[in-house]
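What follows is a short report on a single structure.
Throughout, read-outs are computed from the coordinates displayed, never taken from laboratory work. None of the values given here were measured: they were computed from a predicted structure. Note that we place each Cβ from the backbone using ideal geometry, even for glycine, and neighbour counts take in every protein chain shown.
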């Protein structure tokens, strides 16, 4: 499984302006083949930080995601509302049982 953790540093106005694009991105991405989770969240203690958590079956599924029309639409929305910074980390993981 591929897990993506991304952090977007912006401000509350930018995040609010992106709300419709974020909602579309979440729902369209979740409908893609191989997607198990695609969630945006605003940090409770810092409303200027937006986090994205993604889970994909494979790197091929993630690569296909980058070519989707809703990804291009989201990138255009981000260009119209530029954040201060974006950082994304990609991990190949195996799910394990929680500690007992």
Legend entry - Residue that is farthest from residue 92 (Cα to Cα) [pool: residues in region 5-37 that are surrounded by fewer than 18 Cβ atoms within 10 Å (Cβ to Cβ) and touching a helix residue (DSSP H, G or I) at 6+ places or on another chain (Cβ under 7 Å)]: 24
Inset, instruction - Starting from residues that are farther than 18 Å from residue 28 by Cα and in contact (Cβ under 8 Å) with a residue 12 or more places away in the chain, keep the ones in region 41-58 and report whichever is surrounded by the fewest Cβ atoms within 10 Å (Cβ to Cβ). - result: 47
Legend entry - The lone exception for residue 87 - which of (1) surrounded by fewer than 11 Cβ atoms within 10 Å (Cβ to Cβ); (2) in contact with a strand residue (DSSP E or B) (Cβ under 8 Å, 6 or more places away or on another chain); (3) free of Cβ contacts under 8 Å to residues at least 24 places away in the same chain it fails: (3)
Inset, instruction - Check residue 97 against each of (1) surrounded by fewer than 10 Cβ atoms within 10 Å (Cβ to Cβ); (2) touching a residue at least 60 places away in the same chain (Cβ under 8 Å); (3) closer than 18 Å to residue 1 by Cβ and name the one condition it does not meet. - result: (2)
Legend entry - Tally of residues being more than 22 Å from residue 11 (Cα to Cα), assigned to a loop (DSSP other than H, G, I, E, B) and under 16 Å from the mean Cα position of the chain (by Cα) across region 59-100: 2
Inset, instruction - Report yes if some residue within region 47-57 is more than 24 Å from residue 13 (Cβ to Cβ) and out of contact with any strand residue (DSSP E or B) (no Cβ under 6 Å at 6 or more places or on another chain); otherwise report no. - result: yes
Inset, instruction - Could you check how many residues of region 63-80 are within 14 Å of residue 31 (Cα to Cα) and surrounded by 17 or more Cβ atoms within 10 Å (Cβ to Cβ)? - result: 2
Inset, instruction - State whether one or more residues within region 52-69 are more than 20 Å from residue 2 (Cα to Cα) and in contact with a helix residue (DSSP H, G or I) (Cβ under 9 Å, 6 or more places away or on another chain). - result: yes
